[in-house]
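Remarks on the structure that follows.
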């Protein structure tokens, strides 16, 4: 693909502002990292040997890690990642006890992933297949990131196009009416165990699990205080924006704002399953914004309107 470098290459780009951290992109065999000096701001992991590709760690420049990687309670949670729950009845989400690093359904990266780094921006492209005995679904995924803004906030744009192969694909989840923890699947953010003082708001002005869980919204922001007891605590948050072109927009949201399981994400299957006919496709587009402090509804709405264009 013209203009694309192999992931074995190493690309350094420094920030222009004299008082800003020296940002650069670092590519390795199976990953792309945004660096602030010698600190990793975030890393996109392309390989899927441990279930599926993911982004971890995620942090603000100079701050503590915001994401959790394979916590003991849910080892299939991988920071910021995408996984369907069930495809045609096969579980692509959870790891069974006899196979601790791979769901029953296999998510595989096919062919080499590619990365393009140019100045302050970088784009990752990869192809994935979902299979159990045979491939049922193909995905074309694009992740686009940029250097942080002057306030340290930054965005990652996530686009995935899914195409059913030779048979219809039924996208399913555990129905919330059957289990109080059901309804999730798709893009998810698992926060670090150090997160506390939870504050979640959505585009419709609802707050917390009691107000926003399972409700349709154009975006949701999940913020709190992060840091181990011996670290300097940092107030930070992550917002996810649901593009108006997405199926079932505005999406219902899954939210767990507890110390035991801090997690949120758009859940377009929350209310009911969805079927994709053989040979047909659909795409989802999300913007992830990592920012300092609690979420500000006015600023978040402005960010959403820019994304929605």
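Here, each number is a calculation from the coordinates, and none is a lab measurement. As the structure is a computational prediction, the values presented were derived from the model and not from experiment. Cβ sites come from the backbone with ideal geometry, for glycine too, and all protein chains shown count toward neighbours.
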For segment 154-303, what relative contact order do you get, as a whole percent, if you take Cα pairs closer than 8 Å and at least 6 residues apart?
-> 37
In whole angstrom, the spacing between the Cα centers of segment 251-309 and segment 131-153 equals 14
Report Rg(Cα)/(2.2 N^0.38 Å) for segment 170-309, keeping two decimals.
-> 1.07
Stokes-Einstein at 4 °C, 1.567 mPa s, Kirkwood radius from Cα pairs: D for segment 57-120 in µm² s⁻¹?
-> 90
How high is the FRET efficiency from residue 193 to residue 94, r the C-beta distance, R0 22 Å, rounded to 0.05?
-> 0.65
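As a test of the formula, what do you get for the chain when each DSSP H run with n ≥ 4 contributes -39,500 (n - 2.57) and the sum is divided by the residue count, at 222 nm and rounded to the nearest 500 deg cm²/dmol?
Result for the chain, helices only: -1500 deg cm²/dmol.
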Report the calculated FRET efficiency for residue 232 and residue 73 (r = Cβ-Cβ distance, R0 = 25 Å), to the nearest 0.05.
-> 0.40
Sequence-separation-based contact order of the chain, relative, with Cα cut under 8 Å and 6+ spacing, percent = 15
What's the extension gain from residue 144 to residue 225 if we count 0.36 nm per residue and subtract their Cα-Cα distance?
-> 26.5 nm
Tell me the label-point distance for the pair residue 296, residue 132, using the 7 Å Cα-to-Cβ offset, in nm and rounded to one decimal.
-> 4.7
Answer label for Rg and Dmax of the Cα atoms in Å (calculated), chosen among (1) 20.2, 61; (2) 18.6, 56; (3) 18.4, 60 | (2)
Identify the residues of segment 127-151 with backbone N under 20 Å of a label point that sits 7 angstrom from the Cα of residue 121 along the Cα-to-Cβ direction, or state none.
-> 141-151
Residue 249 to residue 49: extension gain in nm, 0.36 nm per residue of separation minus the Cα-Cα distance?
-> 68.8 nm
Computed lengthening from residue 168 to residue 261, 0.36 nm per intervening residue step minus Cα-Cα distance | 30.1 nm
